[in-house]
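The values are calculated or read from the model by the stated rules, or taken from the named source; none is laboratory data. In this text the structure is predicted, and so the values were computed from the model without any measurement. All Cβ positions, glycine included, derive from the backbone under ideal geometry; neighbour counts span all protein chains shown. When the accessible area is computed, the model is the full protein with side chains, heavy atoms only, and any ligands, DNA or RNA have been set aside. Shrake-Rupley method; radii C 1.70, N 1.55, O 1.52, S 1.80 Å.
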Amino acid sequence: VGLHQVLDMYIGESEQKLHRIFELARKAAPSVLFFDEIDALAADRRDLRGSAGRTLINQFLTEVGEEAENEGILILGATNAPWHLDSAFLRPGRFDRLVFVPPPDQVAREKILRIHAREKPVVALEESAVAKKCEGFSGADLRAVFDRATESKLEEAMKKGKIIPVTGKDLLKSAKLVKPSTRKWFVSAKNHHPPAHHSGFYDSTLKS
């Protein structure tokens, strides 16, 4: 479930959309509901000034509450800012299990590079060497490396009138131009950790 499938400009419509999504999952049980960017739908109510956002959050709490008939439904959510979630969502029976997903390691980066290389004019990929130079890169960062390398070949390809393949050396050059976005995230996570430290939810993040 993406934000565009829930949020609506008209008052009360977002709550109705959210309810219909849960009703669909209940009718299709056993089922899995996966909410992307869940912090936008389950934000801390203390941070909200308007009543519209609070109403949506209250509706979400109702849908995942003990009174709701969610037998056979696995409810998951992804967020880059777990510290912005309303504490009511972290109670037992709701989103009570937090799993920290770190940036891809060397092996995972190699696999991601091979995926990006599929059906593209790439020769001498040398994914091991490229992955080693991309420590801390996210999947999106690795895509940016590929995009930059591809763009660097476009002008040459247009001049020669033929496809010029991307090589591992091209990717290594591009990697120097892309900064890993995960570093800013870790700084943000550590800055938000002190007030949430008592819950112990983010200890795995600090260890990373």
Problem set entry | Student exercise, segment 46-178 dipole from Lys, Arg, Asp, Glu Cβ charges, in Debye to nearest 20 | 900 debye
Problem set entry | Computed [θ] at 222 nm, helices only, for the chain once each DSSP H run of length n ≥ 4 contributes -39500 (n - 2.57) | -14500 deg cm²/dmol
Seminar exercise, completed: Once all protein chains are kept in place, PHE146 shows an accessible area at probe 1.4 Å, nearest 10 Å², of 10 Å²
Seminar exercise, completed: Checked against the positive end of the charge dipole of the chain (+1 on Cβ of Lys and Arg, -1 on Cβ of Asp and Glu, about the Cα centre), the farthest of PRO82, ALA140, ILE38 is ALA140
Exercise. Taking LYS120 as the anchor, which lysines have their alpha carbon closer than 23 Å to its alpha carbon, excluding any fewer than eight residues away along the same chain?
Worked result: LYS111, LYS132, LYS133, LYS153, LYS159, LYS160, LYS162, LYS169, LYS173, LYS176
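In whole Å, what three semi-axes, largest first, describe the equivalent ellipsoid of the chain built from its Cα gyration tensor (square root of 5 times each eigenvalue)?
On the way: eigenvalues 328, 90, 53 Å².
Working through the eigenvalues yields semi-axes of 41, 21, 16 Å.
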For this session: Give me the accessible area of HIS84, 1.4 Å probe, in Å² rounded to the nearest 10.
Result: 70 Å²
Exercise. GLU110: accessible area at probe 1.4 Å, nearest 10 Å²?
Worked result: 40 Å²
Exercise. Ignoring ligands, DNA and RNA, what percent of the accessible area of segment 45-133 is carbon or sulfur (1.4 Å)?
Worked result: 51 percent
For this session: Could you tell me what percent of the DSSP beta bridges with both partners in the chain are antiparallel, to the nearest 5?
Result: 10 percent
Exercise. Excluding ligands, DNA and RNA, what is the solvent-accessible area per residue of segment 15-161 at a probe of 1.4 Å, expressed in Å²?
Worked result: 63 Å²
